[in-house]
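The values are calculated or read from the model by the stated rules, or taken from the named source; none is laboratory data. Note that the structure is a prediction, hence the values are computed from the model and not measured. All Cβ positions, glycine included, derive from the backbone under ideal geometry; neighbour counts span all protein chains shown.
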Amino acid sequence: MMKNNVQSQANSIRYASEKASRFTESVIREMSRIATKHNAINLAQGFPDFPACDEIKQAAVEAILDNHNQYAITWGTKSLRDAITAKNKRDYGIELDPERQITVCCGSTEAMVATLLATVNPGDEVIIFQPFYENYGPDAILCGATPKYVQLHPPEFNFNVEELTAAFSDRTKAIIINTPNNPTGKVFNREELDLISKLCIKYDVLAITDEIYEHIVYDDAKHIPLFSLPGMAERTIAINSISKTYSVTGWRIGYVIASPEITQSIRKMHDFLTVGAAAPLQVAAAHALGFAEDYYKKLVSFYAERRDFMLKELAAIGFNCARPSGAYYIMADFSSFGWNNDVDFARYLAEKVGVAVVPGSSFYKENATDKHRFIRFCFCKQFSTLEAAIEKLQKLK
Ligand SMILES: Cc1ncc(COP(=O)(O)O)c(C=O)c1O
């Protein structure tokens, strides 16, 4: 058995492409597996442990019974592209052409890869704020880009204007902005977005935005799509998905909004990567995008309650937490417990305390400052799950 494992590992190295050997498997998904193995409460991976609302599930069932079961149009079912257009007009006053500016993908994960493959050449530089959502590193490697990291500094996770400006050069092709941000909970404000847009225009750089948490913003924070800023519609590629807003991470429906020229290239990549997203689920997604304001208000208060509970309890246990203005994660500084390595601490929590989290280093490149100071808690869970996790974490006191 042992011999077989060693042999299969050797074969996997022997047959791995240069690209495949440049990144490891997702730490977040690995932590989920460790959680299952040790029967730990999973506050690692960002998926809800409660059901999606009946209305969206019913819409999916009806779409299947209505025979939406064959390939949809590659770049998305017309009803979904129309719903995305109407939503952008309603929420942000953005006018889109559903025939030429929208590509529906298999989640925003595919949308990001298709976008980078469609726009970035090997050797181009792509600016990424760190800590970053862990897919961006491998995504940049897949398209041969050279990532340039710009630090978001704790505790507020703001960037330094000089550091950002210094990252832009003639080699920069794109910048990735994830707002509301995973893992920090930062919501980029108007001033920050204005500055980014000025730099993008000055250096002729594309702005790729990941706006998957657009509807999960707290207190006075406001989500502003970079696409809506002066001069940015032609150079912004806005990526979004229904995974988080409607609690259907397993449906794999995402989309990209871009100028007609950029959309042509993205559609080609998308076509040959996946052909298209699940047809009946696109029909159900179109229905969900039309939900009334009340749905989104309830979503925010649902998560705000959980955020406040977790912030209070984690602080009482001894964590030093950044207060998220958006999304559903908390970056927690654990230095007060005397540990100095996040991976060891996260393993200890999963194996001995019974709570799985993500070690903060998976959101940082090698040698980054702050890399080993944090773990990330995810709070998109039922209250009973969060309460049970807090009870276990009391052991740390
Ligand atoms: C910032 C961010 N982008 C993208 C994704 C993946 O989204 P999707 O399910 O649409 O592929 C996630 C999932 O956690 C995320 O946090």
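Okay, here's what the table says:
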read-out: Breaking point among (1) under 21 Å from the mean Cα position of the chain (by Cα); (2) surrounded by fewer than 23 Cβ atoms within 10 Å (Cβ to Cβ), for residue 282; value: (2)
read-out: The stretch 239-250 residues that are assigned by TED's automatic domain parsing to the domain that holds residue 266, paired with ones that are within 9 Å of the ligand (Cβ to nearest atom) and at pLDDT below 95 (beta carbon under 7 Å, 6 or more apart); value: 249/47
read-out: Matching helices (runs of 4 or more DSSP H) fully within the stretch 73-166 where at least 3 residues are under 25 Å from residue 195 (Cβ atoms) and within 16 Å of the ligand (Cβ to nearest atom); value: 107-119, 136-142
read-out: Neighbours by Cβ (under 6 Å, 6+ apart or cross-chain): first from the stretch 180-200, on the phi < 0 side of the Ramachandran plot; second outside any loop (DSSP other than H, G, I, E, B) and among the charged types (D, E, K, R); value: 183/376
read-out: Any pair with Cβ under 6 angstrom, 6 or more apart, that starts in the stretch 362-374 at a residue that is free of Cβ contacts under 8 Å to residues at least 60 places away in the same chain and ends at one that is crowded, with 19+ Cβ neighbours inside 10 Å and in a loop (DSSP other than H, G, I, E, B); value: 371/364
read-out: Selection count where residues are hydrophobic (A, V, I, L, M, F, W, C), outside any helix (DSSP H, G or I) and more than 16 Å from the ligand (Cβ to nearest atom), scope the stretch 32-72; value: 5
read-out: Residue pairs meeting the criteria (Cβ under 6 Å; at least 6 apart or on separate chains; first touching a residue at least 40 places away in the same chain (Cβ under 8 Å), in the stretch 380-397; second part of a helix (DSSP H, G or I) and not hydrophobic (A, V, I, L, M, F, W, C)); value: 390/313
read-out: When residues of the stretch 16-31 are limited to those that are part of a helix (DSSP H, G or I) and not small (Gly, Ala, Ser), the one farthest from the ligand (Cβ to nearest atom); value: 22
read-out: Within the stretch 207-226, considering residues that are crowded, with 24+ Cβ neighbours inside 10 Å and not charged (D, E, K, R), the one farthest from the ligand (Cβ to nearest atom); value: 226
read-out: Top-ranked residue in the stretch 133-170 [being hydrophobic (A, V, I, L, M, F, W, C) and more than 18 Å from the chain's Cα centre (by Cα); ranked as farthest from residue 201 (Cα to Cα)]; value: 143
read-out: Residues being more than 14 Å from residue 327 (Cα to Cα) and touching a strand residue (DSSP E or B) at 6+ places or on another chain (Cβ under 6 Å) - total across the stretch 236-261; value: 9
read-out: Enumeration of residues in the stretch 282-335 that are among the aliphatic types (A, V, I, L, M), farther than 29 Å from residue 254 by Cα and free of Cβ contacts under 8 Å to residues at least 12 places away in the same chain; value: 315, 316
read-out: Unmet requirement for residue 15, which otherwise passes all of (1) modelled with pLDDT of 85 or more; (2) more than 25 Å from residue 137 (Cα to Cα); value: (2)
read-out: Residue check, residue 224 assigned to a loop (DSSP other than H, G, I, E, B), β-branched (Val, Ile, Thr) and under 27 Å from residue 320 (Cα atoms); value: no
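To keep it simple, each residue is scored yes or no on (1) crowded, with 20+ Cβ neighbours inside 10 Å; (2) at pLDDT below 95; (3) within 13 Å of residue 257 (Cα to Cα); (4) not assigned by TED's automatic domain parsing to the domain that holds residue 225.
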residue	(1), (2), (3), (4)
95	no, no, yes, no
101	yes, no, yes, no
114	yes, no, yes, no
118	yes, no, no, no
123	no, yes, no, no
126	yes, no, no, no
129	yes, no, no, no
144	no, yes, no, no
154	no, yes, no, no
